[in-house]
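The values are calculated or read from the model by the stated rules, or taken from the named source; none is laboratory data. Worth saying up front: this structure is predicted, and the values here are computed from it rather than measured. Cβ atoms come from the backbone with ideal geometry, glycine included; neighbour counts cover every protein chain shown.
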Amino acid sequence: MSNSYIDLSEKSELSKDFNIDDGWRFGMIRTARFADLDALAHLNHTTYLRYFEDCRLQYLIKHGLTTIQKCSPKHPSPFLLGLEIKYLKPVNHCDKLLITTRCIKIGNTSMTLEYSAWTNGCAAWCVGAFVFVIPDTGDKWTIDKNLKDSILKYELKTVSI
């Protein structure tokens with residue numbers, strides 16, 4: 001399973017192949033593995049959350065938060081405040097998915113990201129807010145200007161500040 005991201009603005013054919021709505025730019029390809037299925041033989045609900053987490057981390061790394069790769073308690077880390085998810089259609093073994101994420105709100109210490117899992121249209125949608133914290137101290141981390149500017153410049157839709 002590759003962690004490399006795709007810029008959909010450069011791969012418009014993928015948007016057509018997966019029937020993706022306009023406004024999404026950052027994506028990652030996944031394939032539903034047998035181990036990711038539940039007893040009803042479709043993608044388990046928790047698997048979507050792992051896919052969205054992978055996409056969130058790659059999104060932050062792409063925008064400059066490379067220290068997250070060190071998994072160090074001295075570096076800022078996103079701590080989830082909550083998630084809302086809607087499961088819209090089943091995904092089966094070996095189905096290819098395109099997982100997308102985009103920032104919809106960015107504050108001083110927190111962000112809200114929106115995610116979708118696409119097959120032929122949207123199979124699942126999620127929104128989640130998180131705050132950046134330095135795990136060692138428990139202190140909130142102020143999002144640096146470079147990270148914020150990178151996200152604001154990258155996004156196709158307007159981001160609330």
**Asked** Restricting attention to the range 38-55, does a residue exist that is surrounded by fewer than 13 Cβ atoms within 10 Å (Cβ to Cβ) and touching a His at 6+ places or on another chain (Cβ under 9 Å)?
**Response** yes
**Message:** So in the range 136-161, with the set limited to residues that are charged (D, E, K, R) and in a helix (DSSP H, G or I), which one is surrounded by the most Cβ atoms within 10 Å (Cβ to Cβ)?
**Reply:** LYS148
**Prompt:** Here is a list of conditions, (1) more than 15 Å from ILE61 (Cα to Cα); (2) touching a residue at least 24 places away in the same chain (Cβ under 8 Å); (3) surrounded by fewer than 17 Cβ atoms within 10 Å (Cβ to Cβ), and THR119 meets all of them except one; can you say which number that is?
**Reply:** (3)
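Residue-wise test of (1) touching a residue at least 40 places away in the same chain (Cβ under 8 Å); (2) under 19 Å from LEU80 (Cβ atoms); (3) outside any helix (DSSP H, G or I).
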site	(1), (2), (3)
GLU10	no, no, yes
GLY27	yes, no, yes
TYR48	yes, yes, no
TYR51	yes, yes, no
ARG56	yes, yes, no
**Message:** Given the criteria buried (at least 16 other Cβ atoms within 10 Å of the Cβ) and touching a residue at least 24 places away in the same chain (Cβ under 8 Å), does HIS93 qualify?
**Reply:** no
**Asked** Looking only at residues in the range 1-36 that are among the polar types (S, T, N, Q) and under 14 Å from CYS122 (Cβ atoms), which one is surrounded by the most Cβ atoms within 10 Å (Cβ to Cβ)?
**Response** SER15
**Complete:** Picked from the range 65-112 (must be among the small types (Gly, Ala, Ser) and at pLDDT 95 or above), the residue farthest from ASP144 (Cα to Cα) is GLY82
**Request:** Could you check, for the range 116-132, whether at least one of its residues is assigned to a strand (DSSP E or B), touching a Cys at 6+ places or on another chain (Cβ under 8 Å) and modelled with pLDDT of 95 or more?
**Result:** yes
**Asked** When the residues of the range 66-90 are filtered to those that are surrounded by 17 or more Cβ atoms within 10 Å (Cβ to Cβ) and out of contact with any Ser or Thr (no Cβ under 8 Å at 6 or more places or on another chain), which remaining residue is farthest from ARG25 (Cα to Cα)?
**Response** SER77
**Request:** Residue by residue through the range 103-116, note down the ones that are closer than 20 Å to GLY27 by Cα and in contact with a Ser or Thr (Cβ under 9 Å, 6 or more places away or on another chain).
**Result:** CYS103, ILE104, LYS105, ILE106, THR112, LEU113, GLU114, TYR115, SER116
**Fill in**
Reported set for the range 29-46 where residues are in a strand (DSSP E or B) and among the basic types (Lys, Arg) is ARG30
